[in-house]
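Colleague: Next up is a structure, given as structure tokens.
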């Protein structure tokens, strides 16, 4: 899967793009982590207003990106993505937007597993990056929640007309299919699919604009730390 901003991918694919730990602990202090009989305190990666992003959140996001994309983004980009999640989550919680159902999470998890050669390979990859099934299901649940909220918020503005659909069909879809040696279906057979692709483009554009503008108004301080 491609990563732009985790919530700006094509929602109609897996769950909406993306990539990341979305159940942020920003609203509370770092929790102690106990391992090997020694108690350590989770570090602070960034401060957003009066909340925090922890180093464990950054590491988990990096692990999920490595699992899905094969590599993680630089630390600064990971923190920016977590800040974007914080922004969207705050809006969604304020709007009392409902969480996804367990069935939705099951479906997203199954689709993710199918992207790998086999379930065994998926489990091996999860072990290598240090993510459990519980971790991944929680991440997927939150990604569904955030991506669906953005769809809910910006879809009413996403108006697509017939000329845009026809232009996409002629200038993008047809050349792509021909380049792969595939048959080009009649426009009326793919019109609804094209419409949704274009709607998602508008949602992505509006979401990114809103996030960029909101981020500029926030006090975000990144704490120096090791690169991802």
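Colleague: Under the condition of being assigned to a helix (DSSP H, G or I) and under 20 Å from residue 51 (Cα atoms), which residue from the range 178-228 is nearest to the chain's Cα centre (by Cα)? Walk me through how you get there before you give the answer.
Modeller: Initially, the range 178-228 is screened for residues assigned to a helix (DSSP H, G or I), giving 178-179, 187-217.
Now narrow it down to the ones that are under 20 Å from residue 51 (Cα atoms): 211-217.
Working: 211: 14, 212: 16, 213: 19, 214: 18, 215: 17, 216: 20, 217: 22 Å.
Among residues in the range 178-228 that are assigned to a helix (DSSP H, G or I) and under 20 Å from residue 51 (Cα atoms), the one nearest to the chain's Cα centre (by Cα) is 211.
Colleague: What is the one condition in (1) at positive phi; (2) buried (at least 16 other Cβ atoms within 10 Å of the Cβ) that residue 158 does not satisfy?
Modeller: Residue 158 satisfies all of (1) at positive phi; (2) buried (at least 16 other Cβ atoms within 10 Å of the Cβ) except (1).
Colleague: Evaluate the following for residue 169: is it over 22 Å from the mean Cα position of the chain (by Cα) and modelled with pLDDT of 95 or more? Explain how you work it out, then say what you get.
Modeller: Values: over 22 Å from the mean Cα position of the chain (by Cα): yes; modelled with pLDDT of 95 or more: yes.
It is true that residue 169 is over 22 Å from the mean Cα position of the chain (by Cα) and modelled with pLDDT of 95 or more.
Colleague: Name the one entry in 166, 103 that is without any contact (Cβ under 8 Å) to a residue 12 or more places away in the chain and either surrounded by 13 or more Cβ atoms within 10 Å (Cβ to Cβ) or over 30 Å from residue 185 (Cα atoms) (or both). Give the steps one after another, and end with the answer.
Modeller: Numbers: 166 fails: without any contact (Cβ under 8 Å) to a residue 12 or more places away in the chain.
None of the other options fit; the residue is 103.
The values are calculated or read from the model by the stated rules, or taken from the named source; none is laboratory data. If you're wondering where the values come from, they're calculated on a predicted model, not measured in any experiment. Positions of Cβ are backbone-derived with ideal geometry, glycine not excepted, and every protein chain shown enters the neighbour counts.
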